[in-house]
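The values are calculated or read from the model by the stated rules, or taken from the named source; none is laboratory data. This structure is a prediction, so every number in the text was calculated from the model and none was measured. Backbone-built Cβ (ideal geometry, glycine too); neighbour counts: all protein chains shown. Side chains included, ligands, DNA and RNA excluded: accessible areas come from the protein's heavy atoms. Shrake-Rupley method; radii C 1.70, N 1.55, O 1.52, S 1.80 Å.
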Amino acid sequence: MIPTVTDIDQTCLKVVRGLAIDAVQKANSGHPGMPMGAAAMAHALWTRHLKHDPSDPKWPDRDRFVLSAGHGSMLLYALLFLTGYELTLEDIKRFRQWGSATPGHPENFVTPGVEMATGPLGQGISTAVGMAIAERYLAARYNRDDHHIVDHRTYVIASDGDLMEGVANEACSLAGHLGLNKLTVLYDDNRITIDGRTDLAYSENVPAKFEAIGWSVLSCDGMDVEAVDACIRAARESADKPTLIVCKTTIGYGSPNKAGTAGVHGSPLGVDEAALTKRALGIPDDQEFWIDDDAIRFYRSALTRGREAHGAWNDAMARYAEAFPDEADAYRKSLTCEPGTDWTADLPVFDADEATRDSSGKVLNAVAGSFPDLLSGSADLTDNVKTRIKGSPEFSKVEPTGRNLALGVREHAMAAAFNGITLHGGTRACGGSFLIFSDYCRPSIRLAALMECPTVFVFSHDSIGLGEDGPTHQPIEQIASLRAVPNLNVMRPADGNETSACWKVALEAKKTPSMIVLTRQKVKLLTPGMVTRHPAEKGAYVVREASGGAPAMILIGTGSELGLAVAAGEALEAQGVATRVVSMPSWFLFEKQSDSYRGSVLPKGVPTVSVEAASTFGWAKYAQAHVGIDHFGASAPADVLFREFGFTVENVVATAQSLLG
């Protein structure tokens, strides 16, 4: 069947496919097949539907486009270049090279117009669900009759691999339940993965599955621009369901010997096959990176359309501000992530012993009024993790202004959706689960750090202190492994006042996600009652100085073990050992401090013991001996576990004494 396209559409498709062929060939690395097969569906979307302004990639009311099949990045780069984003032909020629604006997979912090980093399959479509949630919330909160300042859509191109991933199944189930009708997924159904045909491992009835989880499903010939266009138009009419458009495509379309095979999935075509393919497609085979003048003029019309749409939105905003000045001011503040008041005055100061998860819930609710577009939730553990914003309903079809996200038992989708909400702009997400289940969230947590996305992850039940649920629920290695993630601020506060300080740091962060790790059990109040300059903001500080001021021994405690370190320090002092006790809620923040400050807290040459009910891995950087747990836990009351595993004053003192010799 010959695809139905106009002459200019056909020329544009040649240009897109040719750029993908040549860029991958020159890099000798990449995935040419997906851009070649998906060019028609992307062209239909980008030229006939996508609302965007290439001259201002961050325009708030733009449609969001996510290439979930990130391995096909040359498809996105070609469209960004051709439609007039700040990307040049030279960038296309330097695909996958050092310092290039066209890395192997799309990265939002590198390339203008890229909404998120899409490398791991399933993450793009799942994060896009969060973006659609954010649009729905903001539209419900700020739009008024005849004043629709939030009115955009979220589009995704997803692959077979995306839909196989567990995170995508969770997220799509959530999207169907919430009725996110402004979410449209174009499914590049080419039936090929790296190993070969999908029927090696995948025989699901995808349309039936999506219909069962509450989606509208359409199907078309994905090689036919007009057919894809018609389906997108139909999807825009959906009132209460997200839409999956099943686009039947041919991977590597045009390649005489590799089209429709895994051979064109993750490898260049090769010089000879590239030449044959260009001839088959009608692309000049004597030119690399061929650009047709008519095609680029056609694509660059996006600049004019984008400026016009953006200008119309500016006019609408002006009318909105005149009619609703307070709402307009609040909306503008939400876009800059600036709170509505001097919110730090709302941070609570604590004066009693309590579990840090309880303190965290109090902090969240104390500042929630100053962050009206902060959405909070958890994977079916809201009241355990204390992430409920009181006085607000759950976000739902009928309550789209609800600030509490009920995500069900979907940790994978939860973390990805949180990132989408935060990346969208105007909204920010916080929440989480038990720390042990951070393993389910890890790919999204890592991506948040990579994308410089300041999601606030809140995880409770942080150690063997959760007790009788036993080793399957007791995190041991999680804190150490999460501390290893670059640009992730893992904070384990010791009491309510440190918890308040940690929330302050998290909400002030612009490019760093935070993970606040909390206790189930009650802890002693040990740290200063300060609001704006709590020493915990520096990551580590002296909470109890040695007698005489010059320590012969230093004990470092975190979280619930700070109280143990303080008690052991007092016992050592009673034995004549001048002992300093340091609270270290955040390695990340401590490493940001000056050499002189770090040296003042942990002076070189002073014997140091770390005390933390978790893996000792990594503590060698700060201490020479450790009281920790390098094996799995057990089922018993918390106080029994702490005693049996050596978290006692006697053991900490003995460890310190052995270090002193």
Ignoring ligands and nucleic acids, residue 523 exposes an accessible area, probe 1.4 Å, in Å² to the nearest 10, of 10
What percent does the relative contact order of the chain come to when contacts are Cα pairs within less than 8 Å and at least six residues apart? 12
Considering only protein heavy atoms, what per residue accessible area in square angstrom results for the stretch 450-592 with a 1.4 angstrom probe? 29
With x for Gly and Pro, the residue-by-residue ³J(HN,Hα) of the stretch 131-137, computed from phi through the Karplus equation 6.51 cos²θ - 1.76 cosθ + 1.60 at θ = phi - 60° and given in whole Hz, is 4, 5, 4, 4, 4, 4, 5
Restricting to lysine pairs 8 or more places apart or on different chains, what number in the stretch 506-661 have Cα atoms under 23 Å apart? 11
Heavy-atom accessible area per residue - the stretch 11-121, 1.4 Å, Å²: 26
Rounded to a whole %, the carbon-and-sulfur portion of the accessible area of the stretch 592-661 at a 1.4 Å probe is 56
At R0 = 51 Å the Cβ-Cβ FRET efficiency linking residue 399 and residue 301, nearest 0.05, sits at 0.80
Whole-percent carbon and sulfur share, accessible surface of the stretch 314-458, 1.4 Å: 49
To check you understand DSSP bridge types, tell me what percent of the beta bridges within the chain (both residues inside) are antiparallel, rounded to 5. 15
For residue 383, what accessible area in Å² do you get when you roll a 1.4 Å probe over the heavy atoms of the protein chains, rounding to the nearest 10? 90
For the stretch 473-601, size of Cβ-based charge dipole, Lys and Arg +1, Asp and Glu -1, in debye: 360
The chain - Debye-derived log10 I(q)/I(0), Cα point model, q = 0.06, 0.09 Å⁻¹: -0.38, -0.79
³J(HN,Hα) computed for each position of the stretch 83-92 - Karplus, 6.51 cos²θ - 1.76 cosθ + 1.60, integer Hz, glycine/proline x: 8, x, 5, 6, 9, 10, 5, 5, 4, 4
Counting sequence-distant residues (5 or more places) and residues on other chains, those with an amide H built under 5 Å from that of residue 470 are 636
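How charged is the neighbourhood of residue 458? Take every other residue with its Cβ under 10 Å from the Cβ of residue 458, and add Lys/Arg as +1 and Asp/Glu as -1.
+2
Over 20 Å, how big is the tail of the calculated P(r) for the stretch 363-518, in percent of all Cα pairs?
44
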Counting only the heavy atoms of the protein chains, how much of residue 34 is accessible to a 1.4 Å probe, in Å² to the nearest 10? 10
Net charge dipole size for the stretch 1-84 [Lys, Arg +1 and Asp, Glu -1 on Cβ; Debye, nearest 20]: 140
For the stretch 463-615, go through all pairs of different Cα atoms, get the mean of 1/r, take its inverse, and jot down that Kirkwood value in Å. 15.9
Please give me the summed charge of the neighbours of residue 240: other residues whose Cβ is under 12 Å from its Cβ, Lys and Arg +1, Asp and Glu -1. +3
Extreme residue, positive dipole direction of the chain, given options 371, 232, 244 (C-beta unit charges): 371
